[in-house]
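The values are calculated or read from the model by the stated rules, or taken from the named source; none is laboratory data. Predicted model, so just to flag it, every value in this text is computed and none were measured. Counting neighbours? That spans all protein chains shown, and the Cβs are built from the backbone with ideal geometry, glycine included. Please note that ligands, DNA and RNA were not included when accessible areas were found on the heavy atoms of the full protein model with its side chains. Shrake-Rupley method; radii C 1.70, N 1.55, O 1.52, S 1.80 Å.
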Amino acid sequence: GDAILLVPMTGDLEAIDSGLDYADPDTLSAIGTDLGKGVEAGLAAFTERTGANRVLVLFSDGGAHGSDPRKAAAEAKRRHVRLIVVGVGGDEALPVPGPDGAPLLDGKGVARLSALDAGLLKSVAAEAGGRYYPASDSGTRVALQAELIELGRGGKRTEYEVEERSGLFAMLALAFLACRVASSIFAVAGRKE
């Protein structure tokens with residue numbers, strides 16, 4: 001179906017959780033996946049103010065029933081957005097379950113089947129200069145987590161230095177107090193004349 005942005009860029013995990021609760025088969029505008037539109041919607045979520053380390057993580061079985069996702073991946077590379085692709089599903093084509101658990105049917109009443117197309121997903125990741133991870137591999141979670149942490153740091157260790165500035169604030173407060181006292185004195189002297 002169409003790609004929509006359920007939750008804008010946020011660190012609010014509750015908003016993300018609510019968005020995922022909303023995303024179910026009843027919200028589909030059409031049966032099938034348009035990976036190209038999905039990547040394009042993800043890219044549209046980034047603004048010019050977004051930091052340098054922009055990452056888009058795509059979870060998919062590789063079923064592309066629409067625009068060519070490699071074109072969107074090339075756009076991600078052009079815009080310096082790191083595309084990480086996680087392939088989900090198995091090699092055997094199985095029926096996609098609908099909201100009631102029965103197979104999801106297309107417009108002709110035929111059950112929609114889904115199988116992992118790792119080849120397409122690898123080519124999408126390669127086109128973007130990104131990386132492909134199969135969800136079925138036991139080391140994927142750890143490798144993906146390590147890559148995201150590294151990208152979050154920009155490849156650099158971040159350290160903060162705390163300076164003690166209470167003396168500066170105390171001096172500013174005294175200066176403002178002196179100004180206030182002086183203005184009160186001048187105001188009283190002005191009224192006596």
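See the values below:
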| quantity | calculated |
| --- | --- |
| Probe 1.4 Å, protein heavy atoms only - accessible area per residue of the stretch 48-116 in square angstrom | 62 |
| Nearest-20 debye value, the stretch 31-125 charge dipole, Cβ charges on Lys, Arg, Asp, Glu | 580 |
| Charge tally in the Cβ shell below 14 Å around Arg78, where Lys, Arg are +1 and Asp, Glu are -1, Arg78 excluded | +3 |
| Debye intensity ratio in log₁₀ form over the Cα atoms of the stretch 50-134, taken at each q of 0.12, 0.15, 0.16 Å⁻¹ | -0.43, -0.61, -0.67 |
